[in-house]
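Visitor: Starting off with a structure, shown below.
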Amino acid sequence: MRALRTSAAMLVAALVLVGCSNSEHPSTAPATAAGAQVRTADVTAQFSASDTAAITYKPDLVPVGATATVASRSGGGSSTVTLTVNGLLPDHHYGAHAHAKPCGAAPADSGPHFQNQKDPVSPSVDPAYANPQNEVWLDISTGGSGAASATSTVAWDFTDAAHPASVVIHANHTSTEPGKAGTAGDRLACVNVSF
């Protein structure tokens, strides 16, 4: 009988400890819906004048040898993309966006901005579509060393059927006014990302 009481007491103590453990150490697992696909991408590339994996079209504004790192996580109803650059012009403003197609030898090869809800009119300059909630905008301002970082989070997922393919750095910060929304000047450089 005594052994039974001891075993019961140990079981109660174990259950109390388990309950305390769960409340004191919450789960660090990512909060995603059951069965939701999580997509990640991490790319670090050095710009060259000819390699389309990371190409500069304007070496006077995005020098050969400058680097870009793109980190992306998508799933559970949101997507976060971070762009970090080094070696660009110091104290300069650049626009940057996720684009629909991979980089190519010509600046236009990366296609339009990737949009969650696609504008039926092209080029898209309507703020209802060309905005930082429907596109991935990563405008940056470099410091004295030519480094900068920007993060964009949108409330939708990248999927196998619909995801960006590159990040393009533009000459200016992105406009938001009607008729110019989403525009950011010339395409200066492009880096391919498997989003």
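The values are calculated or read from the model by the stated rules, or taken from the named source; none is laboratory data. Keep in mind that what you see is a predicted model, and the values were worked out from it rather than measured. Here the Cβ is made from the backbone with ideal geometry for all residues, glycine too, and neighbour counts use every protein chain on show. To get the accessible areas, we keep the full protein, side chains included, count just its heavy atoms, and leave off ligands, DNA and RNA. Shrake-Rupley method; radii C 1.70, N 1.55, O 1.52, S 1.80 Å.
Visitor: Please list, ordered by first then second residue, the pairs with beta carbon atoms under 7 Å, 6 or more apart or interchain, first in the range 155-173 and at pLDDT 95 or above, second assigned to a loop (DSSP other than H, G, I, E, B) and basic (Lys, Arg).
Guide: Final answer for the pair search is ALA165/LYS101; SER166/LYS101.
Visitor: Can we say PRO178 is more than 20 Å from ALA71 (Cβ to Cβ), open to solvent by 20 Å² or more (accessible area, probe 1.4 Å) and out of contact with any Lys or Arg (no Cβ under 9 Å at 6 or more places or on another chain)? Spell out how you get there, then give the answer.
Guide: Details: more than 20 Å from ALA71 (Cβ to Cβ): yes; open to solvent by 20 Å² or more (accessible area, probe 1.4 Å): yes; out of contact with any Lys or Arg (no Cβ under 9 Å at 6 or more places or on another chain): yes.
It is true that PRO178 is more than 20 Å from ALA71 (Cβ to Cβ), open to solvent by 20 Å² or more (accessible area, probe 1.4 Å) and out of contact with any Lys or Arg (no Cβ under 9 Å at 6 or more places or on another chain).
Visitor: Taking the conditions exactly as written (farther than 18 Å from VAL193 by Cβ, surrounded by 16 or more Cβ atoms within 10 Å (Cβ to Cβ), in contact (Cβ under 8 Å) with a residue 60 or more places away in the chain and not aromatic (Phe, Trp, Tyr)), does ALA147 satisfy them or not?
Guide: Spelling it out, ALA147 is indeed farther than 18 Å from VAL193 by Cβ, surrounded by 16 or more Cβ atoms within 10 Å (Cβ to Cβ), in contact (Cβ under 8 Å) with a residue 60 or more places away in the chain and not aromatic (Phe, Trp, Tyr).
Visitor: Could you go through the range 23-40 and let me know if any residue there is modelled with pLDDT of 95 or more, open to solvent by 40 Å² or more (accessible area, probe 1.4 Å), under 27 Å from ASN134 (Cα atoms) and not in a loop (DSSP other than H, G, I, E, B).
Guide: Scanning the range 23-40, I find at least one residue that is modelled with pLDDT of 95 or more, open to solvent by 40 Å² or more (accessible area, probe 1.4 Å), under 27 Å from ASN134 (Cα atoms) and not in a loop (DSSP other than H, G, I, E, B), so the answer is yes.
Visitor: So, in the range 95-149, how many residues would count as being on the phi < 0 side of the Ramachandran plot, in a loop (DSSP other than H, G, I, E, B) and of a type outside the set (Phe, Trp, Tyr)?
Guide: Number of matching residues: 36.
Visitor: Just to verify a result, which residue in the range 65-114, among those that are among the charged types (D, E, K, R) and crowded, with 16+ Cβ neighbours inside 10 Å, is nearest to the chain's Cα centre (by Cα)?
Guide: ARG73
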